[in-house]
Amino acid sequence: MENNLMIYNTLTRKKEKFEPVNPPFAGLYVCGPTVYGDAHLGHARPAITFDLVFRYLKYLGYQVRYVRNITDVGHLTNDSDDGEDKIAKKAKLDQLEPMEIVQFYTNRYHKNMEQLNTLPPSIEPHASGHIIEQIELVKKILENGFAYESDGSIYFDVEAYNKKYDYGKLSGRRIEELIANTRQLDGQSEKHNPADFALWKKASPEHIMRWPSPWSNGFPGWHLECSCMSQKYLGDCFDIHGGGLDLQFPHHECEIAQSTAAYGHEAVKYWMHNNMVTINGQKMGKSLGNFITLDQLFSGDNKVLEQAYSPMTIRFFILQAHYRSPLDFSNEALKAAQKGYERLMAATSALDKIKATPENTVDIDGLATKCREAINDDLNTPLLISFLFDGVRTINSLIAGNEKINEENLGKLKKLYHDFVFEILGLKAETEAISQDHQVLGKILDMVMAIRTEAKQKKDWATSDKIRDELKNAGVIIKDTKEGYEWSLEN
Ligand code: ZN
């Protein structure tokens, strides 16, 4: 497949042709969740954005290694160097082991990601599983003179680094303003400069997540894990690093500084950042009362929601916006997305009804070119989807007999929708899948209920009651009606 993909590089602030460091391999690293709570709307967008990148690079024929980490240590409250570990805090609250919290929320995150039809990453490394490698990286940065020890903790020396390299190049922040804007916090006296950040922190007596190191019993700084694990699995020069725009500073800025300090050169060729989500124009937050988890979104169980929205509606909604644009969730917008998604899926499944004719009045190559150009232009999915809707009108005209299509073009049209809708955008027909299961279950129930009726007629109450009780145990609710029976599933 010819590669004409242009992506916007946040580091250079321009669109660049995607040329991997080591073709046919392509490396993609994405900052994953800190697993101390249920996945929410804010998690859906980067997951779907970089699933699209993963899917499209694979579609282009690259051998993609997609690494998405699990942050299970070192991410402190307020993203600071002095807060409590988010995982340990939740563990204390729930009276569980920190790793029980990690496992519980990782499992739930995986379930949500599967519902959204995102492909699992090739490698999903945990920060806590790479303490030794992180300690080695700290040693390297110390050796190179870009870090210092202070009472058992190791801090990155931003000023020393900035003399040789450029701290702030990703976020555009200047070191002077960073110093001016940093609040004086506890432990600040340990730092030579308020802009410095922790690579290793000595654990206080009450801090339970701790490991031995040459400097102290402690734990790695939050930013360190991504520099370390991306290098371990993708090399010290790899293709794409992704994440939400909220991670650009300080997390990614610090990652660049750490990797450059350790290896003497940049590790990442293309930085990609998805924009944030808002809810009814407001930032999402627990304190604002508009915090929506993905489970709540799929069940409708949240006062902000007027109804439940299916995972594919959410996926379609996110893809309908460009990943670099802000995206506002509202019931109106979600309902419109649901209609759009259903219309696209209906047209895609109606393709099978079209019969080829010797005559042809439609241009499929032109449509395919437009779709490819849209996705190649920094993954312009809203434009791509609008072209797919142009095609929906063509499909409907073909079914109505107002247009004609020959055998060759019909094959191209089917491939176009299969490739773009299912493989690249990663949508799937969820309502049909559910109704198919329901249909099979309905047939089995008809059979079981016929046996029950027979038993009743023979006054075999034992069998009849057994069937009723067993169905109840299996979560099937049966209601006898004049016409026969009705059934539903518990919840
Ligand atoms: Zn990261």
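The values are calculated or read from the model by the stated rules, or taken from the named source; none is laboratory data. Owing to the predicted nature of the structure, the values given are computational and were not obtained by experimental measurement. Every residue, glycine as well, gets a Cβ built from its backbone with ideal geometry; the counts of neighbours run over all protein chains shown. Heads up: the accessible areas ignore ligands, DNA and RNA and are worked out on the full protein's heavy atoms, side chains in. Shrake-Rupley method; radii C 1.70, N 1.55, O 1.52, S 1.80 Å.
Looking only at residues that are more than 9 Å from the ligand (Cβ to nearest atom) and part of a helix (DSSP H, G or I) in the range 239-254, which one is most open to solvent (accessible area, probe 1.4 Å)?
Step by step, filter the range 239-254, then rank; the result is D246.
V362 meets all of the listed conditions (1) within 16 Å of the chain's Cα centre (by Cα); (2) farther than 18 Å from I385 by Cα; (3) among the aliphatic types (A, V, I, L, M); (4) at pLDDT 95 or above but one, namely (1). Of all the numbered requirements in (1) at pLDDT 95 or above; (2) open to solvent by 40 Å² or more (accessible area, probe 1.4 Å); (3) under 24 Å from Q248 (Cβ atoms), R108 misses one, and that requirement is (3).
Among the helices (runs of 4 or more DSSP H) contained in the range 270-360, which hold 2 or more residues that are closer than 30 Å to G401 by Cβ? Walk me through it before giving the result.
On the way: elements: 294-299, 311-319, 331-350.
Counting at least 2 such residues, we get 331-350.
Report yes if A257 is open to solvent by less than 60 Å² (accessible area, probe 1.4 Å), in a helix (DSSP H, G or I), away from the ligand (no atom under 16 Å from the Cβ) and of a type in the set (G, A, S), otherwise no. The answer is no for A257.
Residues of the range 436-487 being assigned to a helix (DSSP H, G or I) and in contact with a Ser or Thr (Cβ under 6 Å, 6 or more places away or on another chain), which ones? Matches in the range 436-487: R452, A455, K456.
The combined condition, being at positive phi and touching a residue at least 60 places away in the same chain (Cβ under 8 Å), is fulfilled by G61.
So which of S204, S230 is open to solvent by less than 30 Å² (accessible area, probe 1.4 Å), at negative phi and polar (S, T, N, Q)? It would help to see each step written out before you state the result.
Values: S204 fails: open to solvent by less than 30 Å² (accessible area, probe 1.4 Å).
Testing whether each residue is open to solvent by less than 30 Å² (accessible area, probe 1.4 Å), at negative phi and polar (S, T, N, Q) leaves just S230.
Does D82 meet the test of being open to solvent by 10 Å² or more (accessible area, probe 1.4 Å), more than 21 Å from I318 (Cβ to Cβ) and touching a Leu at 6+ places or on another chain (Cβ under 6 Å)? Lay out the reasoning, then the answer.
Working: open to solvent by 10 Å² or more (accessible area, probe 1.4 Å): yes; more than 21 Å from I318 (Cβ to Cβ): yes; touching a Leu at 6+ places or on another chain (Cβ under 6 Å): yes.
Criteria met by D82.
Residues in the range 31-42: is at least one out of contact with any strand residue (DSSP E or B) (no Cβ under 7 Å at 6 or more places or on another chain) and within 15 Å of V268 (Cβ to Cβ)? Checking the range 31-42: not a single residue is out of contact with any strand residue (DSSP E or B) (no Cβ under 7 Å at 6 or more places or on another chain) and within 15 Å of V268 (Cβ to Cβ). Q457 satisfies every condition listed in (1) open to solvent by 90 Å² or more (accessible area, probe 1.4 Å); (2) in contact with a helix residue (DSSP H, G or I) (Cβ under 9 Å, 6 or more places away or on another chain) except (2).
Do we have any residue at all in the range 387-401 that's touching an Asp or Glu at 6+ places or on another chain (Cβ under 6 Å), open to solvent by 20 Å² or more (accessible area, probe 1.4 Å) and part of a helix (DSSP H, G or I)? Before the answer, list the steps.
Applying the first criterion (touching an Asp or Glu at 6+ places or on another chain (Cβ under 6 Å)) to the range 387-401 yields 397.
Remaining after also requiring open to solvent by 20 Å² or more (accessible area, probe 1.4 Å): 397.
Adding the requirement that they be part of a helix (DSSP H, G or I) leaves 397.
Yes: the range 387-401 contains one or more residues that are touching an Asp or Glu at 6+ places or on another chain (Cβ under 6 Å), open to solvent by 20 Å² or more (accessible area, probe 1.4 Å) and part of a helix (DSSP H, G or I).
The set of residues from the range 363-381 being open to solvent by 40 Å² or more (accessible area, probe 1.4 Å) and part of a helix (DSSP H, G or I) comprises D365, T369, K370, R372, E373.
Does S310 satisfy being more than 16 Å from the ligand (Cβ to nearest atom), open to solvent by 40 Å² or more (accessible area, probe 1.4 Å) and small (G, A, S)?
Details: more than 16 Å from the ligand (Cβ to nearest atom): yes; open to solvent by 40 Å² or more (accessible area, probe 1.4 Å): no; small (G, A, S): yes.
No: the conditions fail for S310.
Taking every residue in the range 106-132 that is within 22 Å of M229 (Cα to Cα) and pairing it with any residue that is open to solvent by 40 Å² or more (accessible area, probe 1.4 Å) and aromatic (F, W, Y), at least 6 positions away or on another chain, the pairs with Cβ-Cβ distances below 6 Å are I123/Y233; I131/W211.
For the range 198-238, a tally of residues being in contact with a Ser or Thr (Cβ under 9 Å, 6 or more places away or on another chain), among the polar types (S, T, N, Q) and in a loop (DSSP other than H, G, I, E, B) returns 1.
For the range 135-166, a residue qualifies if it is open to solvent by less than 40 Å² (accessible area, probe 1.4 Å), assigned to a loop (DSSP other than H, G, I, E, B) and without any contact (Cβ under 8 Å) to a residue 60 or more places away in the chain, and exactly one does: D157.
Figure legend. Inter-residue proximity from the range 205-233: first residues in contact (Cβ under 8 Å) with a residue 60 or more places away in the chain, second residues within 12 Å of the ligand (Cβ to nearest atom) and outside any loop (DSSP other than H, G, I, E, B), beta-carbon distance below 6 Å, spacing 6+ or different chains. Indicated pairs: E225/A127; C226/E255; S227/E255; S227/Q258; S227/S259; S230/Y29; Y233/V67.
Taking the conditions exactly as written (open to solvent by 60 Å² or more (accessible area, probe 1.4 Å) and either over 17 Å from R324 (Cα atoms) or away from the ligand (no atom under 15 Å from the Cβ) (or both)), does Y36 satisfy them or not? In short, yes.
If you go through the range 3-27 and pick out every residue that is open to solvent by less than 50 Å² (accessible area, probe 1.4 Å) and more than 23 Å from G244 (Cα to Cα), you end up with 1.
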